[in-house]
Amino acid sequence: MSRGQGRVYQRGTVWWLDYGLGGHRRREPTDATTKREATEILRQRIGDRRRGRIIARPEKVLLAEYSTAEDGTRMLVGGLRYLHESRYETDGLRSLDRARQCWDNVEAFFPAPTPVTVVTETRLKDYVKHRLAEGASRQTANHELSALRAGFHLAIKDKLIATAPTFEIPKVANAREGFFEEGDLALVLAALPEYCRRVVTFLRITGWRVNEALTLTWERVDWEQEGIYLSAWNAKGKASRLFPFGLAPDLKAILEAAWKERGRDPFVFKGPRGTQLGYTTLLHHWQRATKLAGCEDRIIHDLRRTAVRDFLNAGVDQRTIMELCGWKTLSVFLRYNIVDQDRLAQAVAKRYAHPNGTVTAQSGLPTATAQ
C-alpha cells in the first residue's frame, strides 16, 4: 500500500497491522495467515477510519478492569465485563447472577487485564475447546460466548472499539426431557439446607422459573385471598400471573414458615445471611445435593417439567397450566409436556375399555388374517 496508508508485517506466525490515526500510531494483531489476508484487513481498518468508525484505541480497551479499595476489596471498574454487568443492573434484568457466572469462566481463560485485541476467532475456538475439556456443555460455552459478544457490542455502541471478532455460536438441540420421581426428589431435598429446600419445593409445586421464585417479594403474597401474584415486570413473558395456594397445603406451609422468619428483607426466599437467596448459591447447593442423591444429570429446570407432568396427570387442561406456570404460546408449552409412558398407556386403555371392565377390539379397523 502507498505511504501513509499503513503496512502489514509478520512477527513469528502472527501478521500485524501498523497504521496511523489522529496523529497516533496503531498496531494490531490479526488472524491472517497470509500477507494478502492481512492487507485486506488493513484496507478494512483504513476504510473504517475514513468513515469515522475507529475513534478509540482497541489495544487499550480491556475485557475487565479492576481496582483495589482501601479495605482490600477487588472492585470491577471498567472493561467489557463492566459494560455488560452495568447494563443488566440498569435494566433490572433478572439473570445478572448468570451473567456474572459466565464472565467468571471467561476471565479464567482470559485473565484481567486482557486487551480486547487478544480475543480473536482462533482464541475463541481455543476457549470453547478448553471449556468442553473441563466438562462444560456446548450450551454452557455458548452462553459464555454470548456474554462476551454482548460486551463487544456494547463497547462498539459506546464507540470504544470499531469491530468485534466473529462469534460462532451454533444452535444446540438442548430440549431436555428430564423430570423427577418422588423418591429421587426426596433424596435431593434431604441433602439441601433448609433455606434451599423451601425454594426447591416451591418450584416443584408451582412450576415457576427459578428467578421468578428468587425475586418474589412479600408484597406479592396475598394472605387474605390466598394467592401469589407475579407482576409482569418480574415474569419472563411480561404477563402478570396468579397462583392460588389456599388448597395447596405444602405450598402454604412453605410460605407460612418463611413468613415467620421474614425480618426486614422483602424477599420470600432468603439465603444463610437473611438476605435474598442468589442463583449462584442455590446452584452450588443443588449440584452438591443431586450428586449425593445419585442424580447429578438433573437440573433445576427439571422441576418445571415435573410440575407440568403432574398437572396433566391430575387432569388439568393445558390452557390452565399455561396460566399457572407462565407460558404464552402453546408451542413452547408442548416442549415441556414430557412424554409419560404410563399416562399414554392409560389413555389407550380408556379407548379400549368396555363398560363391563373387559377390553374389546375396535370395529372398523383392518385385522390381520392368518396365512
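If the condition is being in contact with a helix residue (DSSP H, G or I) (Cβ under 7 Å, 6 or more places away or on another chain) and free of Cβ contacts under 8 Å to residues at least 24 places away in the same chain, then the range 293-321 contributes Glu296, Gln318.
Residues in the range 186-197 include at least one that is surrounded by fewer than 20 Cβ atoms within 10 Å (Cβ to Cβ), among the basic types (Lys, Arg) and more than 18 Å from the chain's Cα centre (by Cα). Can Ser86 be described as free of Cβ contacts under 8 Å to residues at least 24 places away in the same chain and outside any helix (DSSP H, G or I)? The answer is no for Ser86. Within the range 45-66, the residues that satisfy the criterion of being surrounded by 10 or more Cβ atoms within 10 Å (Cβ to Cβ), modelled with pLDDT under 85 and of a type outside the set (Lys, Arg) are Ile46, Gly47, Asp48, Ile54, Ile55, Ala56, Pro58, Glu59.
From Thr290, Thr206, which residue is in contact (Cβ under 8 Å) with a residue 24 or more places away in the chain and touching an Asp or Glu at 6+ places or on another chain (Cβ under 6 Å)? Write out each step before concluding.
On the way: Thr206 fails: touching an Asp or Glu at 6+ places or on another chain (Cβ under 6 Å).
Unique residue meeting the criteria: Thr290.
In the range 275-309, the residue that is modelled with the highest pLDDT out of those that are surrounded by 13 or more Cβ atoms within 10 Å (Cβ to Cβ) and of a type in the set (Gly, Ala, Ser) is Ala289.
Just to be sure, is Gly271 assigned by TED's automatic domain parsing to the domain that holds Thr206, at positive phi and not hydroxyl-bearing (Ser, Thr, Tyr)?
Details: assigned by TED's automatic domain parsing to the domain that holds Thr206: yes; at positive phi: no; not hydroxyl-bearing (Ser, Thr, Tyr): yes.
No.
Restricting attention to the range 1-44, the residues being modelled with pLDDT under 80 and of a type in the set (D, E, K, R) number 6.
Among Lys260, Lys238, which is among the basic types (Lys, Arg) and at pLDDT 85 or above?
Values: Lys238 fails: at pLDDT 85 or above.
Going through Lys260, Lys238 in turn, just one is among the basic types (Lys, Arg) and at pLDDT 85 or above: Lys260.
The values are calculated or read from the model by the stated rules, or taken from the named source; none is laboratory data. The structure displayed is predicted, hence computed values, not measured ones. Neighbour counts run over all protein chains shown; Cβ positions are idealised from the backbone, glycine included.
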